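Below: one structure, written as structure tokens.
The values are calculated or read from the model by the stated rules, or taken from the named source; none is laboratory data. Worth saying up front: this structure is predicted, and the values here are computed from it rather than measured. Because the Cβ atoms are built from the backbone with ideal geometry, glycine has one as well, and the counts that use them run over all protein chains shown.
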Amino acid sequence: MEYSDRIRQIPPYLFAEIDRAIEKKRSEGVDVISLGIGDPDIPTPENIIDRLCKAAHDPRNHRYPSYAGMTSFREAAAKWYKKRFNVTLDSGKEVLALIGSKEGIAHIPLAFVNPGDVVLFSDPGYPVYRVGTILAGGKPVEMPLLEENGFLPDYGAIERATAKKAKLLFINYPNNPTAAVADKKFFKETVDFAVDNGIIVCHDAPYSEMAYDGYKAPSFLEVAGAKDVGVEFHSLSKTYNMTGWRIGFAVGNPEVISGLGKIKENVDSGAFQAVQEAGIEALSGPQDSISEHLRVFQERRDVMVDGLNELGYAVKKPKATFYLWFRIPKGYKSSAQFAECLLEKTGVVMTPGTGFGKYGEGYVRCALTQPRERLEEVLQRMKRMGNK
Ligand SMILES: *Cc1c(COP(=O)(O)O)cnc(C)c1O
């Protein structure tokens, strides 16, 4: 069987290899602790589950959903944006329901990218920006996220000719995997760069609500001119522990939303309406669960950051996300070698930075998706492992 060129261009999926290594360790009887995946370990709040159960019994929800999402879901998303960011959206034209934001991110290049067009995206970053570009026949071009720039892309470093060929630009703050945050000044620079070069901005914002110490992440759309040049992808996955439910939405420029909608109309038939109703409950119902979960993640963050620093690693407390991003200790050849060694010696899984792109080399990502006791166990084991 011969796969298409586009499939062959997709880089090997590092996470599948890590899964195999984990399986092997487990089969040897090792108690593996995985801090590898960005998937909340806390269940979805009860009120959201109850709403799904009720909505699932309604026969109106058993039929094909409307392509753009239920009017009521889009209105709930628009209201939430108004309340949270003071951004006004026309729920009819500027909001589109997604089957998880990954779906929209993967599909949007199909709407705007012709073969050979450049798509700019941050590296290290969520792998879907690159793969979605490849599947659309576009040319992925990395914007390095360097520590000395606060893990923000440097638009001044992008060649003029490349910028002129770019159709789309993906950014993501609060950031996965670096946990960096961006302010409105950076978003304004992004708008200016997009205007100068005729680029559509796609801001991926699934961690906007996962923030600590009083930090509140801004929306890209809060900045003047942002809606003229781009859209923001939002997800209920991380905010409400709903990764398995597959529900998110895109908001912003009506023409961009309409282009993405056209692809979706022809590929999928929308999210299950009962899940959309549960999404309405998430966005409009009581929000106390968010602060409760943030307390849990913040406690884990503090335990883990303090513990790792005591062991001689240099880890900063992130203001947002549930990731720690830090340099591998001296003496290791690569991120992959460190991650392998960690798994081999301690049964602990962290993700090598190169899983997110070549500029992730030298770093490792630790997801705080295990209870505090397990994190303490991780620290004990790492202490025994010692430093190279
Ligand atoms: C988790 C995540 C997403 C995708 O979330 P969905 O479950 O598809 O809504 C998108 N971008 C980043 C950076 C993520 O970490």
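Descriptive notes on the structure:
- Qualifying residue in the range 156-166 (condition: away from the ligand (no atom under 16 Å from the Cβ), more than 17 Å from the chain's Cα centre (by Cα) and buried (at least 21 other Cβ atoms within 10 Å of the Cβ)): yes
- Considering residues of the range 176-226 that are farther than 21 Å from T162 by Cα and of a type in the set (S, T, N, Q) only, the residue surrounded by the most Cβ atoms within 10 Å (Cβ to Cβ): T178
- Filter result for N253 (in the same structural domain as I158 (by TED's automatic domain parsing), of a type outside the set (A, V, I, L, M) and over 22 Å from A68 (Cα atoms)): no
- Filter result (within 16 Å of the ligand (Cβ to nearest atom) and touching a Gly at 6+ places or on another chain (Cβ under 6 Å)) within the range 194-233: V201, G230, V231, E232, F233
- Every test in (1) away from the ligand (no atom under 16 Å from the Cβ); (2) within 22 Å of the chain's Cα centre (by Cα); (3) surrounded by 18 or more Cβ atoms within 10 Å (Cβ to Cβ); (4) farther than 18 Å from I199 by Cα is passed by V131 save one, and that test is (1).
- Candidate set from the range 318-340 (those that are surrounded by fewer than 18 Cβ atoms within 10 Å (Cβ to Cβ) and free of Cβ contacts under 8 Å to residues at least 40 places away in the same chain); member that is farthest from P371 (Cα to Cα): K333
- Residue match in the range 84-106 (condition: of a type in the set (S, T, Y), within 16 Å of the ligand (Cβ to nearest atom) and surrounded by 15 or more Cβ atoms within 10 Å (Cβ to Cβ)): yes
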